[in-house]
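We did not get these values from a lab; they are worked out from the coordinates using the rules stated. All values reported here derive from a predicted model rather than from experimental measurement. Note that we place each Cβ from the backbone using ideal geometry, even for glycine, and neighbour counts take in every protein chain shown.
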Amino acid sequence: MKWKKRHETYSALFMQAPEVRQGGGHGWGSLLIGCLLLFLGLAGTAWAFVSSFALPAHLPLLLALAACLSLLLTAGYRWRFADILLFLLSAALCLFLWRFQGEIVQGFLCTVNCITKAYTENSPFEFPTFLVEEMTDLERQRCCTMFVGACMVPVAGALSWAVFRRRSFVCAFVFTFPFLLAALMFTITPNLCAMAMLLVFWAGLAFLPSRARCCVGKQNFSSGIQRLPAASFLMLTLMAGVVSLLLFAIPAEEYQRPEQVDDLRVSLETTGQRLVEQVTNSLLFSGSRDQANLENQTDGFSGKTVLEVQSSRGTDLRLRGFTGSVYNGSSWSQLPQDEYALLEESLAGTSPLNLSGFLGKDLFSSIRVSVRNVGASREILYAPYALATTPEEFPEADYVHDSFLRGDWLTAPLEYSMDCLDVQSSFLYGDRELAAEAYLQCVQTNDPSSQELPFPEGLYYLDGSEYAREEMRKLYCTPVPDDLLAALPEPLHTWMEEETEYSTFVYDHYLDVPEDLKETLLDSFYPGAQSEGLPFDNVISQVELMVSTSATYSLDAPQTPQGEDFIEYFVTESHEGYCVHFASTAVMLLRSMGIPARYVEGFALSWDELEEAGPEGWVEVKDSRSHAWAEAYCPGFGWVPVEATPGGGTVPMVSNETESEPVSSEPEELSSAPEEASSASQPVSSHPVQENSSSLMSYAEQEEEGASPVWQVLLCVLGVILFCALLVLLFLLRRSLREKRYLRLPANRSVALMYRHALGAVRFGSEMEPRLRELAEKAKFSRNGVTEEERREARSLLTQVYGKAAQKLPLWKRVLLFLWKG
Amino acid sequence: MWGRRLAYLAVLAAGGLFFIFFRGYLSYLVFLFLLILPVLSFVWLLLSFRFAGVRAQASKAAVEKKEPFSFMIRAKSSRLFPIPCLRVTIEISNALGGETERELLSFPFFAGEAVMEQPCRSACCGKLSCTVRRARGLDFLRLFSLPVRVKESAAVFVLPSRTPAPAAVTENCLLPDFAELSLPTAPGNDPSDPFDVRSYQPGDPLSRIHWKLSAKQGEWIVREGGSSAERSIRFLVECGSQLLENDCIMETFSRLAFLLVEHGIPAQVFWPEDAELGSQGFDGEEEASEILEVLLSRSVPPAFPVLELFREEHWKKCAHLIYITPKCSPERLTGLLEAGNAERVTVLLCGTKQEQEISHDVVIPVRPDRLDDCLAEVEL
């Protein structure tokens, strides 16, 4: 340590770093405590890991291995051969891995399978599993035990360093917590005794201090690791006693979580969600949340491409994302999960999203839609209407009831393809019985276009009167007559039954409108009674027309004042809005009229874009193309989109020419806003198409060839070089740390360490420098100790000792000396 | 400690969040454990701090300049419930120069006694005191602290050189009247005999024993110094505010004093002490050392007219007045020479900057780096 001298004023007082002359405890006591701590940490980690995932490993053997490793490493640190012991353990581990590689691999696979099984059981996701060889339980146990045991060796090495060399809680925690985190992430609880061991281990390291410290002005000095007194055992015992007391006083079986904590959790989650929504405005249209806040500004678009879409047929395509069912005045959210319980029972495994797919590929042609996610949220898998791909065919997706397809942010596929049906709008009868007859006719003639049934008139009344509602209810909830049902072949027969169930569910759940809002909407759009009813498709068209012409399209719509309803403000006061406003209004208007409807966000592509791209081409979809629309349920058919935004392209619905209103395909108001980053969703058909040029390369399918032998060799060589480089770096780092230590410690201690280091070379056959021994004795025994000059002299003598050793020794001993002593 | 408290609060908050969001029993166990840990730690501290204590010790009582020495801080702790951590603040100060160094020492978990040694050395003389200002016992988590009793302080005298100065010592260093007062009929008829003799009393220094008389009388006779006013040489030592100056002053005085001791010439020393002057005579090594220790222990005095005080109270006829001071103005010097009653006056300006020197026959500038050369000009 350098003599300290102040620079501001003259000071005659020179002080060295203080030294701890005596204190601490007994050397053996410290070792035993270290050994105990190491065992607690190692055994606790192994036990926690094995118990969390129910690994078929032999636990007593693993605990015995933990005990042996603890004792070995303790002895290594006590008699200063820890480095070579770790090296030997590593070599033994490598030999063990090489000799039993088959069993280790099987053990690894079994372990991974157990982990993925536990993850699958404790989460809504499916995790892949690996094929393992067929083996008996005993063999499986042996393989798992060997694998876990092999993993314990490096962990033991790391933990021993943390306990003996550093006595650092932070290091020990970093080495052990990941094994626990792997389980806790999926709310899997490990064995409580193992947790108790880990808690005592961590608390023990946090409690037991390691070094004496001195602070002089701005300089800090610290001593080496101090020995621990025997009272440390008492302290560890007390801690273990506290944990045991907690376990016995309040056993896990009798534990009841307080309700207030759950309430607190819910309120924290809600607050967190709101904060996230406020921060991430651009997530409004990407549907990556379970709620869509309508108040957010739509200025978060950057113009980047978020999807690439390919369709085998050039028709209008709507990719559905988030679906909102419950309106609360300022946002849309999904129906509560428990509402679906009865429906899922009655549908007997069929996803409501696939009901249209039951119509059969015999009746309608199939369209193959491929989506490539290049920038959108991975939590939504955008799917078209009339989805024919079942959950079994698309296991990566989570079919969320009747709403949308959800992916996992981590494992969702970036490219996926789905089949949907090119459903003819001529089947939008709006009457189940009529639809069934039409289907039967098509099946019998094997021609979807051959049905000649007339569209019903006057089925749908628009004024929301009691009579109208009663008629609507009959339309939605009345099943097909039994004789007609019996005549339908499979799968149409099942489809009709299930469609009826689902239609009833839809009617019961997708008609909620606040009374005030209902009155406002009906007064605004249907001020007088409507004596005549209309066909379903005409109703849709009329709603589209009424809503789209009721207000001006504007991206700078005024913010809804606090306390006011979003839709009411739009309809009665502002008369300005964008697709969100129009879609929400259309949904509520349809519901007011007694037609079940809901709110959808996603992307809409026009037929001309897709036709131009061709069946092999990809259409780029930018984030500014995010769109919102309404969808209404047609009994006997399914959900149909309702485009109420001015200028928004709709799916052509050509039906009865006499009664139907012309579809508003001409935009009332074209949006003049440039297609810049600040623009919100644009009407689809008035939007210049971002043509997909042929230069866009689709992802080449990976050829399932193995890497060539040349690459393998190169990889091996590179691996070896990297390993050697790593070793060299490690040794250089070690040497640098040692040099720093020599400078940091007080002179006497530093010289003593240098002498001890020189003894290492002596063991290899070198000779000790007499002067170095003299300095070491002076440092150890003399009252005054050594000076700075003598410390420098000792350092150079140490270099000489090793220099002489290097000259005298044969090459292999030199390498060993370098590896061991650096 | 505040850092540790914040860290613990962060850990507790994490544990709380874990308890709220993880519904299992494990989260409850972990959260309770985190709550209980500080309680356990504090209880241990309560049981241990009463048996802890700290004191300071010095390895040597007196050292020379630049000679290494050390202060030992000894901490004591119970064996059954050792104190988890002992934090001691010590202050090492030099009374002469006023410099102070503060250190914060931290003793980890130990049972029985722990010693932390602080090696020091000083380039200037003075009395170095090591005082334990504050000792607190901390718990394992460093969240709480309680005071620990402090026992002793330690001090080391860093002495100036005792090598006699190369000054000239003449026979005229004694007053004529003093020589005349020697008793021709006194036993031994030694012209250098003091004014008076008396019987030995316990505590009298051995250097005062008049061996000739004692041999003749058959009992131990000691020389009596007589009144301080009749000493032939007087030193007036005035310290300054700078450490270097004071070191030079002490060095000068020490070497002159031991020169006199070597020649067996008694002298008297005056120094400022609070609002008056302290004084003591010496004629042996031991007395000179005592005076030196007193001078080294004096803290820097407030500015008051030392010379004037001396003139008023102690100005009596003496052979030689040696005024050792870091500064002296021409007016003071003139006053000293005109009103003084000393046969000779020598003013030694120690450690003074060159531009502040006064040119006069009686003034000898003394530079710390050329002490021998400067003192060689002094004639006693």
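Observations on the structure shown:
- Förster-model FRET efficiency, 41 Å R0, B:Ala10 and A:Gln337, C-beta, rounded to 0.05: 0.70
- Using Cβ point charges alone (K and R +1, D and E -1), the dipole size of segment A:90-230 about the Cα centre works out to roughly 1220 debye.
- Global form of segment B:51-159, assessed from the alpha-carbon gyration tensor, a/c cut-off 1.5: prolate
- Annotation note: trypsin sites (Lys or Arg not before Pro) in segment A:725-820 located in DSSP loop regions with a Cβ neighbour count of at most 14 within 10 Å are A:Arg783.
- Karplus (6.51, -1.76, 1.60) ³J(HN,Hα), θ = phi - 60°, over segment A:317-333, in Hz, Gly and Pro reported as x: 10, 10, 9, 8, x, 5, 10, x, 10, 10, 10, 10, x, 9, 7, 10, 9
- If the segment from A:Ser244 to A:Phe125 were pulled out straight at 0.36 nm per residue, it would be longer than the present Cα-Cα gap by 39.2 nm.
- Spin-label pair B:Ala376-B:Arg134: with each label point 7 Å from Cα along the Cα-Cβ axis, the two points sit 5.4 nm from one another.
- Here A:Leu138 and B:Gln242 are evaluated by their C-beta separation; at R0 = 60 Å the FRET efficiency comes out at 0.10.
- Cross-link pairs B:Lys60/B:Lys216; A:Lys740/B:Lys66; A:Lys780/B:Lys151 - those with Cα-Cα distance over 32 Å: B:Lys60/B:Lys216
- Placing pseudo-labels 7 Å out from each Cα toward the beta carbon at B:Thr89 and A:Glu396 gives an inter-label distance of 6.4 nm.
- Segment A:765-791-segment B:75-125 distance, computed between alpha-carbon centres (Å): 27 Å
- Value of relative contact order over segment A:563-645, rounded to a whole percent, pairs C-alpha under 8 Å and six or more apart: 34 percent
- Across the cross-link table entries B:Lys76/B:Lys127; B:Lys65/B:Lys127; A:Lys778/A:Lys813, which are compared at the Cα atoms, the separations over 22 Å belong to B:Lys76/B:Lys127; A:Lys778/A:Lys813.
- For B:Glu67, residues with placed amide H under 5 Å, excluding near neighbours: B:Ser122
- Gain on full stretching of the segment that runs from A:Asn784 to A:Leu733 - 0.36 nm per residue minus C-alpha separation: 15.1 nm
- Cα-projected label distance for A:Asp483 with B:Gln280, points at 7 Å along beta-carbon direction, nm: 13.7 nm
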